[in-house]
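First comes the structure, then the notes that go with it.
The values are calculated or read from the model by the stated rules, or taken from the named source; none is laboratory data. Since the model is a prediction, treat every value here as computed from it, not as a measurement. When we count neighbours, we look across all protein chains shown, and the Cβ atoms used for this are built from the backbone with ideal geometry, even at glycine. We work out accessible area using only protein heavy atoms, side chains counted, and drop any ligands, DNA or RNA first. Shrake-Rupley method; radii C 1.70, N 1.55, O 1.52, S 1.80 Å.
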Amino acid sequence: VKKDMKKIRIALAGNPNVGKSTLFNAITGARQHVGNWPGVTVEKKVGRRVYKGVEIEVVDLPGTYSLTAYSLDEIVARDYIVEEKPDVVVHVVDASNLERNLYLTTQLMELGCKVVIALNMVDLAEKRGDKIHVEKMAEFLEIPVVKTIASIEYGVKTLLDEVLKEAGKGIHHEHEIGYGKEIEKLIVQLENIIRKDKKLSNVYPPRWLAVKLLENDENIKEKLKRSKIKKDLKRFLAGVDTEEIETVMVDKRYEVINAVLHQVLKRGERTQLTISDMIDRVFTNKYLGIPLFLIMMWGAFELTFTFALPFSDLIDKSFGLLADWIRENVEPAWLASLLGDGIIGGIGFVLVFVPNIFLLFFLLSILEDSGYLARAAFIMDKIMYSIGLHGKSFIPLLMGFGCNVPAIMATRTIEDEKDRLITILVNPFMSCGARLPVYLLLAGVFFGKDAATVIFFIYALGILIAVLSAKLFRLTLLPGKPAPFIMELPPYRLPTLRTSALHMWERGRLYLKKAGTIIFAATVVIWILTAFGSQGYIGEESDISESYAADIGRAFEPVTAPLGFNWKMNTALVFGFVAKEVVVSSLGVLYGSESEEETLTDSLQKDKDFSPLVSLELMVFVLVYVPCVAAVAAIYKETNSFKWTLFSVVYGLVLAWLLAFLIHITGGLLG
Amino acid sequence: MTRKNKEKEMFGLMIGFIYIVFGFLQAVVSMGMVTILFIPAKPVGVLVLFVIGAVFLTGYRELNKGIREGVAYIHVGIMLSLLFSFIYILILFAGALETYILKNEDFENWTILDGMRPELYLGLLSLLALFKWRKDFSLSELIPERRKEND
């Protein structure tokens, strides 16, 4: 990029699920997550593209339905457009759902910014038989309109041409929507008051500010608290029924939209059920929707465990051979032990589960990219509401199956603070991918061919605990009713192998990265703790029950003895706080130290402290006890409260102990 | 009602009934009351069979009442049935890999017949239906079309 090159800044705005992120990728070439989940674009993303000698900075704004201030996403998008003043706002519009999408257009027009409409997914609209007159639309709205299909990069160059043309134009005047005589009179009076504050009216268009005040926009009112005209505004608004005015304004905007649509859109006749209609009719059926969701998830878990098994075994055997070679050929003995038992034993046991993890992520990507997960959220909404959770909570909870950290961050789309807090607190109970290796190891060793069923029920238990905890929090700590929920169902799409594989890689590589960094470091620390004790280096020949690792594990024995856990399990659980996979690598090091010939499976089966019952307790304990350190940090960041972070940790620990104890007692009674 | 929809209605009734019957049989096997060839003791599989059966029977019921949209349940039922058949073919393949290539001890006495289960072989009926009504199963609307920038 040359220093003297002309630069412009554009912002991508639009409703959720209109292909905004896909268009962002198509323009910038950036690899970014593209999905169907509503509210996936939580944070601002920036990319660059040099086009026809101009450097274009592209900012991907959060998906919003309007520019009111009902959610954090809307405020972020609006503030960026108003305060940062990008050269052009590209409004990405879903061509198959024009009426709802154009509502945001009317608001962008009122803001006075330069807008170019990207009429995206025109293929879907045309397949349905809709005919859109693009030229007429551009003429009526006085905004350039370009047909695009972001997924195949169709129309991107034409769009950029229009963007450059628009950016090069002079001063832009805002478009006005007439709200009727009475409201217009109020707007003019308010504009006159606002213009008294020059600083304010230089940043915000006075008419837009007046409209927002009449809509009783809390965020704008907050911003005006420091203005010298705040008293005048307060006095004026005291005599205005803002609630009624807001309703009239919404109606007027839709009147404009419908008038335009009448001229530019000819809807196709729909005589036959489309495939999307058919799938929706079945998958959102009142009675069949939830059982179908359950069997779809079951299918995913069955494949994750059973189909990936031979590939995991292959990796396991390779690491076994490598460890044997190191033990036989590396000198001195302590180095062979560090490399063979510590690093290969520890990291190897984590990497063995790479096929399972990648396959699970791949299957979740297919479900997400096809548009099914949004339907799952829709069918779960009623249940979510009845247990005191907001419908929007389902998406972050589902994301928790991948990793709790982004899932906790995704709760930002939930407007109500109580709803959001409850979702954050119960999120760690959704079993993340890092816990899967623990289940795979223990269920594989102690439950054989029923392992997939056991793992499925562990996941289901996590959901149940999350649901019951949410209900408990709603009834006690955070009383009230969840806010109402508007859900959008994106069209079904056949996921491509490339996109799903890319998503799988984006999520799965974090697992590999963790194995090479945190887990590697933790494994070395665990090896040191097993190789050294109060008497110094105890060596690989000595009893590791004299090591520091044993001291750590024994320190927790008074607490875990009623559960039947031994010091090795305790040590693994302590280190599991760093990352849940470390539980597996710890067991690999701790049990691997005992014998060079035996596999971890043999060692675990031989240990008299281990049994199917104890392994089940351990799996449940890992599911429920403290989330990993990164998740705790995310909870602190998102709640901004040490009290709630501490509560989350303590609640998880106490509940994990109680559940494991309950299983221990019940299992004991059943023999 | 068209002749084709009448055929789909009868197919829904027949295959729905078969799935439910196999579901009951698998439930009995899972409870350990009896052993039946090619029906494993897998309790979750019972749920899968019942749900797929219920989808087909819902289609039959709606079409029988003259609700044309009921055909959606027959089509989606066929897709679900094929999906689960495909899942268990993959699992069968994994079992074969463990037994014949990796020689895993846990799969010492495993044969192809051990991998047979209702979700897998009942899919054959749906495959026949898919072949017969293949023109009704176009997925083109779900695939973004290819076109050039300036067409």
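Taking Cα atoms, how many degrees apart are the long axis of helix A:629-639 and the longest axis of chain A, rounded to 10 and kept between 0 and 90?
So the helix axis and the longest Cα principal axis differ by about 30 degrees.
If you average the C-alpha positions of region A:153-167 and of region A:361-439 separately, how far apart do those two centres end up, in angstrom?
Their Cα centres are 37 Å away from one another.
If I take R0 = 56 Å and measure r between the Cβ atoms of A:E246 and A:L497 in this structure, what FRET efficiency does the formula 1/(1 + (r/R0)^6) give, to the nearest 0.05? Intermediate values should be presented prior to the final figure.
Working: r = 47 Å, r/R0 = 0.84.
The calculated FRET efficiency here is 0.75.
Which of A:W644, A:G508, A:M296 sits farthest toward the positive end of the charge dipole of chain A, with +1 on the Cβ of Lys and Arg and -1 on the Cβ of Asp and Glu?
Working it through, the farthest residue towards the positive pole turns out to be A:W644.
So for the pair A:K52, A:F236, with labels modelled 7 Å out along Cα→Cβ, what separation do we get in nm?
4.2 nm
Computed over the Cα atoms of region A:136-204, what is the convex hull's projected area averaged over all directions, in nm²? Show your work: numbers first, answer last.
Working: hull surface 29.2 nm².
One quarter of the hull surface, i.e. the mean projection, equals 7.3 nm².
Mind listing P(r) for region A:548-671? All alpha-carbon pairs, 10 Å bins, whole percents.
Calculated P(r), rounded to whole percents: 13, 40, 32, 12, 2, 0.
Thinking of region A:203-319 as a set of Cα atoms, what percent of all their pairs are more than 23 Å apart? Numbers along the way, then the final one.
Values: 4586 of 6786 pairs.
Percentage above 23 Å: 68.
Given N residues in region A:366-424, what is Rg(Cα) / (2.2 N^0.38 Å)?
Here the answer is 1.07, to two decimals.
Report, to the nearest 10°, how far helix A:156-167 tilts away from the longest principal axis of the Cα atoms in chain A, using its own Cα long axis and a range of 0 to 90°.
Orientation of helix A:156-167: about 50 degrees from the principal axis.
Post the alpha-carbon centroid distance, region A:220-286 to region B:1-23, in whole angstrom.
The distance from the Cα centre of region A:220-286 to that of region B:1-23 comes to 45 Å.
What nm distance separates the two modelled labels at A:K185 and A:K317, each placed 7 Å from Cα along Cα→Cβ?
Distance between label points: 8.8 nm.
Please pull out the direction-averaged projected area of region A:144-279, using the convex hull of its alpha-carbon atoms, in nm² to one decimal place.
Details: hull surface 52.9 nm².
Its Cα hull, projected and averaged over all orientations, spans 13.2 nm².
Mind pulling up the Rg/Rh value for chain B? Radius of gyration and Kirkwood radius, both on Cα. Don't skip to the end; give the middle numbers.
Values: Rg = 18.9 Å, Rh = 17.2 Å.
The Rg/Rh ratio comes out at 1.10.
Taking Cα pairs under 8 Å and at least six residues apart, what relative contact order does region A:164-315 come out at, in percent? Show your work: numbers first, answer last.
Details: 59 pairs, mean separation 28.3, N = 152.
With pairs under 8 Å counted, the relative contact order is 19 percent.
What net charge do the residues around A:N192 carry, taking every other residue with its C-beta under 12 Å from that of A:N192, with Lys and Arg at +1 and Asp and Glu at -1? Display every interim value, and only then the final one.
Details: positive: A:K185, A:R195, A:K196, A:R207; negative: A:E191, A:D197, A:D232.
Result for the local shell: +1.
Can you tell which of A:G320, A:I344, B:V55 lies farthest toward the positive end of the dipole of the protein assembly as shown, using +1 and -1 charges on the Cβ of basic and acidic side chains (Lys, Arg; Asp, Glu)?
Farthest towards the positive pole: B:V55.
Evaluate E = 1/(1 + (r/R0)^6) for B:D114 and A:K198, where r is the Cβ-Cβ distance and R0 equals 60 Å; express this FRET efficiency to the nearest 0.05. The partial results should precede the final answer.
Values: r = 82 Å, r/R0 = 1.37.
About 0.15, to the nearest 0.05.
As a test of the definition: with a 1.4 Å probe, what buried accessible area, both sides summed, do you compute for A against B, in Å² to the nearest 100? The partial results should precede the final answer.
Values: alone 30560 and 10230 Å², together 36520 Å².
Roughly 4300 Å².
Would you mind getting me the FRET efficiency between B:M14 and A:S386? Use the beta-carbon distance for r and R0 = 30 Å, nearest 0.05. Walk me through the intermediate numbers first.
Working: r = 38 Å, r/R0 = 1.25.
Plugging the Cβ-Cβ distance into 1/(1 + (r/R0)^6) gives 0.20.
Would you compute, from DSSP H runs of 4+ residues alone, the mean residue ellipticity of chain A at 222 nm, taking -39500 (n - 2.57) per run and dividing by the full residue count, rounded to the nearest 500?
Numbers: 34 runs with 397 residues, N = 671.
My calculation for chain A gives -18000 deg cm²/dmol from helical runs alone.
For chain A, with only Lys/Arg (+1) and Asp/Glu (-1) charged at the beta-carbon, what is the dipole magnitude about the Cα centre, in debye rounded to 20? Kindly include the intermediate steps, with their values, before the conclusion.
On the way: 74 positive and 77 negative charges, 563 e Å.
Charge dipole of chain A: 2700 debye, to the nearest 20.
Tell me the relative contact order for chain A as a rounded percent, counting alpha carbon contacts under 8 Å between residues six or more apart. Could the numbers behind the result be given before it?
On the way: 1012 pairs, mean separation 75.1, N = 671.
Relative contact order for chain A comes out at 11 percent.
Given Cα positions, please report Rg to Rh for region A:284-434, the hydrodynamic radius being the Kirkwood one. List each step's numbers first, then the result.
Details: Rg = 20.7 Å, Rh = 18.0 Å.
Rg divided by Rh gives 1.15.
Please grab the % of Cα pairs in chain A that end up more than 49 Å from each other. Spell out each step's value before the answer.
Numbers: 56559 of 224785 pairs.
Tail of the P(r) past 49 Å holds 25 percent of the pairs.
List the DSSP H helices in chain B whose Cα atoms stretch 27 Å or more along the helix axis and whose mean Kyte-Doolittle hydropathy is at least 0.5.
Working: long enough: B:3-30 (40 Å, 0.61); B:43-64 (32 Å, 1.45); B:71-96 (38 Å, 2.21).
Counting only whole DSSP H runs, the qualifying helices are B:3-30, B:43-64, B:71-96.
Percent relative contact order of region B:59-145, based on C-alpha pairs within less than 8 angstrom and at least six residues apart?
Working: 60 pairs, mean separation 25.6, N = 87.
Here the relative contact order equals 29 percent.
Tell me the angle of helix A:451-475 to the major Cα principal axis of chain A, expressed in degrees between 0 and 90 and rounded to the nearest ten.
It is inclined by approximately 50 degrees.
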